[in-house]
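To keep things clear, I will list the structure first and then write my remarks on it.
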Amino acid sequence: MFRMIHLSLPSLSRPPQAQVRLASLLQRLRTDHGCSITQVNRIFQNHVALSSSRKLRGGFRTFSTSEDFSAKKCVPCNAKDLRPMTEETANELISRVPEWNLVNESGVLKLNRSWKVKSFLKGLELFRLVAEVAESEGHHPDLHLVGWNNVTIEIWTHAVGGLTENDFILAAKINGLPLQDLLRRKAKS
Ligand SMILES: C[C@H](O)[C@H](O)[C@H]1CNC2=NC(N)=NC(=O)C2=N1
(Lines give C-alpha, C1' and ligand atoms only; values in the text may rest on other atoms or scores of the structure.)
Protein backbone atom coordinates (compact mmCIF):
# COMPACT_ATOMS: atom_id res chain seq x y z
CA MET A 1 0.00 0.00 0.00
CA PHE A 2 1.47 3.31 -1.07
CA ARG A 3 1.59 5.76 1.87
CA MET A 4 2.23 9.45 1.09
CA ILE A 5 4.30 10.96 3.88
CA HIS A 6 3.72 14.71 4.22
CA LEU A 7 6.97 16.21 5.50
CA SER A 8 8.41 19.69 5.30
CA LEU A 9 11.54 18.76 3.40
CA PRO A 10 14.59 21.06 3.68
CA SER A 11 15.56 22.63 0.39
CA LEU A 12 18.41 20.63 -1.06
CA SER A 13 19.77 23.68 -2.81
CA ARG A 14 21.91 24.61 0.23
CA PRO A 15 23.74 21.30 0.91
CA PRO A 16 25.56 21.81 4.23
CA GLN A 17 22.69 22.68 6.58
CA ALA A 18 20.18 20.76 4.45
CA GLN A 19 22.19 17.58 4.80
CA VAL A 20 22.10 17.89 8.59
CA ARG A 21 18.37 18.60 8.56
CA LEU A 22 17.85 15.82 6.06
CA ALA A 23 19.64 13.33 8.33
CA SER A 24 17.39 14.25 11.26
CA LEU A 25 14.40 14.13 8.92
CA LEU A 26 15.31 10.60 7.88
CA GLN A 27 15.61 9.70 11.58
CA ARG A 28 12.04 11.02 11.99
CA LEU A 29 10.94 8.79 9.12
CA ARG A 30 12.02 5.90 11.33
CA THR A 31 10.63 7.10 14.63
CA ASP A 32 7.46 8.99 13.59
CA HIS A 33 6.51 7.07 10.47
CA GLY A 34 7.73 3.61 11.26
CA CYS A 35 9.91 3.37 8.16
CA SER A 36 12.40 0.51 8.19
CA ILE A 37 16.13 1.11 7.79
CA THR A 38 15.83 -0.28 4.24
CA GLN A 39 13.03 2.14 3.37
CA VAL A 40 14.95 5.09 4.84
CA ASN A 41 18.11 4.10 2.96
CA ARG A 42 16.17 3.82 -0.28
CA ILE A 43 14.70 7.32 0.19
CA PHE A 44 18.11 8.75 1.13
CA GLN A 45 19.83 7.16 -1.88
CA ASN A 46 17.16 8.41 -4.22
CA HIS A 47 17.09 12.03 -5.29
CA VAL A 48 14.16 13.56 -3.40
CA ALA A 49 12.38 16.24 -5.35
CA LEU A 50 9.88 18.62 -3.80
CA SER A 51 6.44 18.31 -5.33
CA SER A 52 5.52 21.47 -7.19
CA SER A 53 1.96 21.29 -5.92
CA ARG A 54 0.91 23.57 -2.99
CA LYS A 55 -1.78 20.99 -2.11
CA LEU A 56 0.91 18.51 -1.13
CA ARG A 57 2.69 21.14 0.99
CA GLY A 58 6.06 19.47 1.13
CA GLY A 59 4.96 16.11 -0.11
CA PHE A 60 7.65 14.59 -2.22
CA ARG A 61 8.21 12.18 -5.04
CA THR A 62 11.51 10.40 -5.35
CA PHE A 63 13.43 10.15 -8.61
CA SER A 64 15.99 7.42 -8.68
CA THR A 65 19.41 8.97 -9.10
CA SER A 66 21.27 5.78 -9.83
CA GLU A 67 18.71 3.55 -11.56
CA ASP A 68 18.46 3.96 -15.35
CA PHE A 69 15.03 5.31 -16.38
CA SER A 70 14.77 2.59 -19.06
CA ALA A 71 14.62 -0.04 -16.32
CA LYS A 72 11.52 1.58 -14.73
CA LYS A 73 7.82 1.25 -15.57
CA CYS A 74 5.38 4.12 -16.13
CA VAL A 75 2.58 4.57 -13.61
CA PRO A 76 -1.06 5.29 -14.58
CA CYS A 77 -1.41 9.00 -15.29
CA ASN A 78 -4.72 9.17 -13.44
CA ALA A 79 -3.01 8.59 -10.08
CA LYS A 80 -4.46 11.19 -7.72
CA ASP A 81 -1.13 12.37 -6.36
CA LEU A 82 0.56 12.78 -9.75
CA ARG A 83 1.83 16.36 -10.11
CA PRO A 84 3.95 18.08 -12.75
CA MET A 85 7.59 18.38 -11.74
CA THR A 86 9.28 21.74 -11.38
CA GLU A 87 11.54 23.12 -14.12
CA GLU A 88 14.43 22.81 -11.63
CA THR A 89 13.83 19.08 -11.26
CA ALA A 90 13.39 18.63 -15.02
CA ASN A 91 16.73 20.38 -15.58
CA GLU A 92 18.35 17.97 -13.12
CA LEU A 93 16.92 14.95 -14.93
CA ILE A 94 17.34 15.95 -18.61
CA SER A 95 20.96 14.79 -18.78
CA ARG A 96 19.72 11.28 -17.99
CA VAL A 97 17.95 11.05 -21.37
CA PRO A 98 20.71 11.83 -23.93
CA GLU A 99 19.71 13.67 -27.15
CA TRP A 100 16.36 14.78 -25.67
CA ASN A 101 15.65 18.48 -25.21
CA LEU A 102 13.64 20.15 -22.45
CA VAL A 103 11.24 22.73 -23.89
CA ASN A 104 8.75 25.08 -22.30
CA GLU A 105 5.76 25.55 -24.61
CA SER A 106 3.59 28.38 -23.20
CA GLY A 107 4.30 27.20 -19.68
CA VAL A 108 3.99 23.47 -20.39
CA LEU A 109 7.28 21.60 -19.96
CA LYS A 110 7.88 18.89 -22.56
CA LEU A 111 10.66 16.60 -23.81
CA ASN A 112 11.37 16.59 -27.53
CA ARG A 113 13.78 14.93 -29.93
CA SER A 114 14.07 14.96 -33.73
CA TRP A 115 15.46 12.53 -36.30
CA LYS A 116 15.89 12.62 -40.09
CA VAL A 117 14.68 9.30 -41.53
CA LYS A 118 15.62 7.66 -44.85
CA SER A 119 12.07 7.72 -46.22
CA PHE A 120 8.46 8.44 -45.37
CA LEU A 121 7.83 4.73 -44.83
CA LYS A 122 10.88 4.48 -42.52
CA GLY A 123 9.32 7.34 -40.57
CA LEU A 124 6.13 5.34 -40.16
CA GLU A 125 8.20 2.30 -39.14
CA LEU A 126 9.85 4.45 -36.45
CA PHE A 127 6.38 5.46 -35.26
CA ARG A 128 5.38 1.80 -35.09
CA LEU A 129 8.37 0.87 -32.92
CA VAL A 130 7.66 3.82 -30.63
CA ALA A 131 3.96 2.96 -30.50
CA GLU A 132 4.77 -0.56 -29.24
CA VAL A 133 6.76 0.86 -26.33
CA ALA A 134 4.07 3.46 -25.61
CA GLU A 135 1.32 0.89 -25.55
CA SER A 136 3.29 -1.40 -23.25
CA GLU A 137 3.95 1.54 -20.88
CA GLY A 138 0.43 3.02 -21.13
CA HIS A 139 2.10 6.37 -21.74
CA HIS A 140 2.06 8.01 -25.17
CA PRO A 141 4.13 10.56 -27.11
CA ASP A 142 3.00 13.15 -29.63
CA LEU A 143 4.33 12.03 -33.03
CA HIS A 144 5.14 14.42 -35.91
CA LEU A 145 6.34 13.47 -39.43
CA VAL A 146 6.75 16.54 -41.62
CA GLY A 147 8.44 17.24 -44.95
CA TRP A 148 8.31 13.45 -45.58
CA ASN A 149 11.50 12.65 -43.62
CA ASN A 150 11.59 14.86 -40.52
CA VAL A 151 10.43 13.09 -37.36
CA THR A 152 9.88 14.92 -34.08
CA ILE A 153 8.59 13.26 -30.93
CA GLU A 154 7.25 15.27 -28.00
CA ILE A 155 6.60 13.67 -24.62
CA TRP A 156 4.66 15.18 -21.74
CA THR A 157 1.99 14.02 -19.28
CA HIS A 158 -1.28 15.43 -20.58
CA ALA A 159 -3.17 14.49 -17.40
CA VAL A 160 -1.14 16.97 -15.34
CA GLY A 161 -0.16 19.46 -18.07
CA GLY A 162 3.55 19.04 -17.60
CA LEU A 163 6.37 16.58 -17.01
CA THR A 164 6.38 13.56 -14.71
CA GLU A 165 8.86 10.72 -14.32
CA ASN A 166 6.76 8.74 -16.84
CA ASP A 167 7.97 11.07 -19.59
CA PHE A 168 11.63 10.41 -18.80
CA ILE A 169 10.99 6.66 -18.64
CA LEU A 170 9.34 6.72 -22.09
CA ALA A 171 12.15 8.87 -23.54
CA ALA A 172 14.79 6.49 -22.16
CA LYS A 173 12.97 3.48 -23.64
CA ILE A 174 12.71 5.21 -27.02
CA ASN A 175 16.49 5.80 -26.84
CA GLY A 176 16.90 2.04 -26.49
CA LEU A 177 15.03 1.23 -29.73
CA PRO A 178 16.95 -0.10 -32.79
CA LEU A 179 16.34 2.96 -35.01
CA GLN A 180 19.73 3.13 -36.72
CA ASP A 181 18.64 1.49 -40.00
CA LEU A 182 15.71 3.91 -40.33
CA LEU A 183 17.85 7.04 -40.07
CA ARG A 184 19.69 9.03 -42.71
CA ARG A 185 23.42 8.98 -42.19
CA LYS A 186 24.64 12.31 -40.82
CA ALA A 187 26.44 14.26 -43.55
CA LYS A 188 30.23 14.02 -43.06
CA SER A 189 31.32 17.37 -41.66
C1 LIG B 1 -5.11 5.99 -17.53
C2 LIG B 1 -3.93 6.23 -18.44
O3 LIG B 1 -2.78 6.38 -17.64
C4 LIG B 1 -4.15 7.50 -19.27
O5 LIG B 1 -5.21 7.36 -20.15
C6 LIG B 1 -2.87 7.84 -20.01
C7 LIG B 1 -2.72 7.32 -21.41
N8 LIG B 1 -1.47 7.84 -21.98
C9 LIG B 1 -1.00 9.07 -21.61
N10 LIG B 1 0.07 9.60 -22.21
C11 LIG B 1 0.52 10.83 -21.88
N12 LIG B 1 1.61 11.34 -22.49
N13 LIG B 1 -0.13 11.57 -20.96
C14 LIG B 1 -1.21 11.14 -20.29
O15 LIG B 1 -1.77 11.86 -19.46
C16 LIG B 1 -1.68 9.81 -20.58
N17 LIG B 1 -2.68 9.26 -19.93
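The residues listed here are Lys73, Lys80; of these, the one that is touching a residue at least 40 places away in the same chain (Cβ under 8 Å) and open to solvent by 40 Å² or more (accessible area, probe 1.4 Å) is Lys73. Would you call Ser136 more than 12 Å from the chain's Cα centre (by Cα) and either on the phi > 0 side of the Ramachandran plot or in contact (Cβ under 8 Å) with a residue 24 or more places away in the chain (or both)? In short, no.
Looking only at the stretch 108-135, residues that are within 12 Å of the ligand (Cβ to nearest atom) and open to solvent by 70 Å² or more (accessible area, probe 1.4 Å) come to 1 in all. The residues on offer are Val108, Val48, and the sole one that is at pLDDT 95 or above and over 30 Å from Arg185 (Cα atoms) is Val108.
Among the residues in the stretch 167-176, are any in contact (Cβ under 8 Å) with a residue 24 or more places away in the chain and away from the ligand (no atom under 16 Å from the Cβ)? Walk me through how you get there before you give the answer.
Our first condition is that a residue be in contact (Cβ under 8 Å) with a residue 24 or more places away in the chain; within the stretch 167-176, this holds for 167-176.
Filter once more, keeping what is away from the ligand (no atom under 16 Å from the Cβ): 175-176.
Scanning the stretch 167-176 turns up at least one residue that is in contact (Cβ under 8 Å) with a residue 24 or more places away in the chain and away from the ligand (no atom under 16 Å from the Cβ).
Taken over the stretch 138-189, the criterion of being in a helix (DSSP H, G or I), acidic (Asp, Glu) and open to solvent by 20 Å² or more (accessible area, probe 1.4 Å) is satisfied by Glu165, Asp181. Residues in the stretch 83-106 that are assigned to a helix (DSSP H, G or I) and either open to solvent by 80 Å² or more (accessible area, probe 1.4 Å) or of a type in the set (Phe, Trp, Tyr) (or both): Glu87, Glu88, Asn91, Glu92, Ser95. Taken over the stretch 137-164, the residue count meeting the criterion of being away from the ligand (no atom under 12 Å from the Cβ) and not β-branched (Val, Ile, Thr) is 6.
The values are calculated or read from the model by the stated rules, or taken from the named source; none is laboratory data. Since the model is a prediction, treat every value here as computed from it, not as a measurement. All Cβ positions, even for glycine, are placed from backbone atoms using ideal geometry, and neighbour counts span all protein chains on display. The protein model used for the area step is the full one, side chains on, heavy atoms only, and it has no ligands, DNA or RNA in it. Shrake-Rupley method; radii C 1.70, N 1.55, O 1.52, S 1.80 Å.
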